[in-house]
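Data block below; observations after.
The values are calculated or read from the model by the stated rules, or taken from the named source; none is laboratory data. Quantities reported herein were computed from a predicted structural model and do not represent experimental measurements. Neighbour counts are summed over all protein chains in view; Cβ atoms, including those assigned to glycine, are modelled from backbone coordinates with ideal geometry. Just so you know, the surface numbers come from the protein's heavy atoms only, side chains and all, with ligands and any DNA or RNA stripped out. Shrake-Rupley method; radii C 1.70, N 1.55, O 1.52, S 1.80 Å.
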Amino acid sequence: MCRAVKVLCVAADEAALAALRRAAVGAAWELAPGATDLRGALDQIDIERPHALVVFGPFEDLVALVADRFPGMRIVTARDAPGTSAVATSLSDVRDRLTQLPRPGGPVR
């Protein structure tokens with residue numbers, strides 16, 4: 001059974017989140033609704049179980065927490081931070097960085 005890779009986008013406000021989701025959308029993965037704060041992001045991680053996290057904004061605490069709690073999650077950020085898998089220096093880089101990340105493996109649960 002195949003399962004689509006799920007991506008969660010997190011940005012500082014609704015407008016930034018909408019722009020990030022437009023930049024991240026791709027045929028090879030599914031987008032989770034997205035979040036604009038730490039609590040919302042953690043709730044969506046629990047509910048949506050994303051394989052990748054794309055963070056643009058001041059969320060270093062989120063990146064560190066997710067990298068620690070979910071070591072297999074791929075994390076794309078706008079700037080290098082502990083736990084980051086790839087850096088997208090602009091919105092136009094997001095899709096490329098997601099494409100370059102290894103796909104999750106293992107059994108489907």
Excluding ligands, DNA and RNA, the carbon-plus-sulfur percentage of the accessible area of segment 6-109 with a 1.4 Å probe reads 53
The answer for the per residue Cα convex hull volume of segment 45-86, in Å³, is 65
Of the candidates Leu31, Ser90, Leu17, the farthest towards the positive dipole end of the chain (Lys/Arg Cβ +1, Asp/Glu Cβ -1, centred on the Cα centre) is Leu31
Quick numbers on the chain, Rg and Dmax over C-alpha atoms in Å, give 12.5, 37
Summing +1 per Lys or Arg and -1 per Asp or Glu among the other residues with Cβ less than 14 Å from Gly34's Cβ gives -2
Length gained if Gln100 through Phe70 is fully extended, taking 0.36 nm per residue and subtracting the Cα-Cα distance, is 8.9 nm
Quick shape check on segment 12-66: root eigenvalues a ≥ b ≥ c of the Cα gyration tensor, a/c under 1.5 is rounded, otherwise prolate if a/b tops b/c, else oblate, and it reads oblate
Within the under-11-Å Cβ sphere about Val54, not counting Val54, Lys/Arg +1 and Asp/Glu -1 give a net charge of +3
In Å², rounded to a whole number, the accessible area per residue of the chain with probe 1.4 Å is 56
About its Cα centre, the chain carries a charge dipole, from +1 on Lys and Arg Cβ atoms and -1 on Asp and Glu Cβ atoms, whose size in debye to the nearest 20 is 500
